[in-house]
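To start, the structure itself, in structure tokens.
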Amino acid sequence: MARLDDVDLVERLFLKGYPFHKYSPRSGDPVATAVTPLHKPLSACTVALVTTAGLSLPDQPPFDVTIKMGESSFREFPADTAPQLLEMNQRSWSFDQTGILRDRNLAFPLDRLREMQQRGEIGAIAPHHYSFMGSIVGPRKLMTVSAPEVAHRLREDHVDVVLLTPV
Amino acid sequence: MCNQSVGLIQQRIEYAGITTVSISLLREITEKIRPPRALFVPYPLGYPLGEPNNSELQTRILRAAFSLLSRNDCPVLEMFTP
């Protein structure tokens, strides 16, 4: 089990002082408190993945790990992507990357989704999936630009369900 | 920070009219950000789906996460029991 105490000392001190309340939902904030009920069974749903593992395809520009407040851009992957081809760029070294390097499904379980689709547990796999790089200290641009853009693209693809994974 | 970013992205996708669920590795942070539906898993940072090359465990975690999709008493934060 991961606890804040597992994070290395420098990062933990940073997290202890980090103003999470700034980004906690305020009551009545329509974005942060939105709830979209699911109106059909999972076996009829189109499912997409969004991860913050900092993954990119070999022909895409890698995430820029030098941006101090965090890079808020995203990378888009087609449904036929082989997960193991994805490369990982992370600003944060506070977690063990070896698991994901052995098996990208650990953070981006596209192969598992394919199996669930073949068994009829989910209806369809979305045509596009997304990765951000998660260690974003200043998330304003993420909240106002890049996350809404990904949400818009998911809507265009008629996605019903999104599973999000951190690292 | 990854757990905060996931929650913030998740809220914006849910707001756009898509039902969402996330995996959480740091309960303390997910409790602060309060995304609509999250499954807390008892694994180290970097291991949201449990173990590499363990497709059986990965699938069980996915099923547990998807089982929260029918919940609308948000924010939902459940614990995965292996």
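Residues in region A:135-149 that are touching a residue at least 24 places away in the same chain (Cβ under 8 Å) and more than 7 Å from every other protein chain (Cβ to nearest Cβ) were compared, and the one that is nearest to A:Phe14 (Cα to Cα) is A:Gly138. Taken as a whole, the condition of being within 29 Å of A:His158 (Cα to Cα), more than 7 Å from chain A (Cβ to nearest Cβ) and either surrounded by 24 or more Cβ atoms within 10 Å (Cβ to Cβ) or touching a residue at least 40 places away in the same chain (Cβ under 8 Å) (or both) applies to B:Leu77.
Every listed requirement among (1) of a type outside the set (S, T, N, Q); (2) farther than 23 Å from A:Thr66 by Cα; (3) within 9 Å of another protein chain (Cβ to nearest Cβ) is met by A:Phe132 save one, (2).
Is it the case that B:Thr20 is assigned to a helix (DSSP H, G or I) and at the interface with chain A (Cβ under 7 Å from one of its Cβ atoms)?
Details: assigned to a helix (DSSP H, G or I): no; at the interface with chain A (Cβ under 7 Å from one of its Cβ atoms): yes.
No, not satisfied.
Please state which one of B:Glu56, B:Glu51, B:Glu28, B:Glu14 is more than 8 Å from chain A (Cβ to nearest Cβ) and either free of Cβ contacts under 8 Å to residues at least 40 places away in the same chain or of a type in the set (A, V, I, L, M) (or both). I'd like the intermediate steps shown before the answer.
Values: B:Glu51 fails: more than 8 Å from chain A (Cβ to nearest Cβ); B:Glu28 fails: more than 8 Å from chain A (Cβ to nearest Cβ); B:Glu14 fails: more than 8 Å from chain A (Cβ to nearest Cβ).
Selected residue: B:Glu56, the only one of B:Glu56, B:Glu51, B:Glu28, B:Glu14 that is more than 8 Å from chain A (Cβ to nearest Cβ) and either free of Cβ contacts under 8 Å to residues at least 40 places away in the same chain or of a type in the set (A, V, I, L, M) (or both).
Pull up region A:17-43, narrow it to residues that are within 26 Å of A:Ala147 (Cβ to Cβ) and not in a loop (DSSP other than H, G, I, E, B), then point me to the one that is farthest from the other protein chains (Cβ to nearest Cβ). Per the stated criteria, the residue is A:Gly17.
Scanning for something buried (at least 16 other Cβ atoms within 10 Å of the Cβ) and facing chain B (nearest Cβ under 9 Å), does region A:9-16 turn up at least one residue?
Within region A:9-16, one or more residues are buried (at least 16 other Cβ atoms within 10 Å of the Cβ) and facing chain B (nearest Cβ under 9 Å).
I want to confirm something. Restricting to region A:125-165 and keeping residues that are at pLDDT 95 or above and assigned to a loop (DSSP other than H, G, I, E, B), which single residue is surrounded by the fewest Cβ atoms within 10 Å (Cβ to Cβ)? Looking at the filtered set, the residue picked out is A:His158.
For A:Leu49, the conditions (1) of a type in the set (A, V, I, L, M, F, W, C); (2) at the interface with chain B (Cβ under 8 Å from one of its Cβ atoms); (3) under 21 Å from A:Pro148 (Cβ atoms) all hold with the exception of (2).
Flag: A:Met116 does not match the condition of being under 21 Å from A:Pro30 (Cα atoms), buried (at least 18 other Cβ atoms within 10 Å of the Cβ) and either within 7 Å of chain B (Cβ to nearest Cβ) or more than 13 Å from the chain's Cα centre (by Cα) (or both).
Counting the residues of region B:31-45 that are in contact with a helix residue (DSSP H, G or I) (Cβ under 6 Å, 6 or more places away or on another chain) and either surrounded by fewer than 23 Cβ atoms within 10 Å (Cβ to Cβ) or at the interface with another protein chain (Cβ under 7 Å from one of its Cβ atoms) (or both) gives 4.
Determine, yes or no, whether A:Ala82 is crowded, with 16+ Cβ neighbours inside 10 Å and either under 26 Å from B:Glu51 (Cβ atoms) or under 19 Å from the mean Cα position of the chain (by Cα) (or both).
No.
Looking only at residues of region A:100-113 that are more than 7 Å from chain B (Cβ to nearest Cβ) and under 14 Å from A:Ser131 (Cα atoms), we find that the one that is surrounded by the fewest Cβ atoms within 10 Å (Cβ to Cβ) is A:Leu110.
When A:Asp80, A:Asp5, A:Asp59 are checked against the criterion of being assigned to a helix (DSSP H, G or I) and either without any contact (Cβ under 8 Å) to a residue 12 or more places away in the chain or away from chain B (no Cβ under 12 Å) (or both), a single residue qualifies: A:Asp5.
The values are calculated or read from the model by the stated rules, or taken from the named source; none is laboratory data. Predicted model only: the values in this text are computed from it and were never measured. Methodologically, a virtual Cβ is constructed for each residue, glycine included, from the backbone with ideal geometry; neighbour enumeration extends over all protein chains shown.
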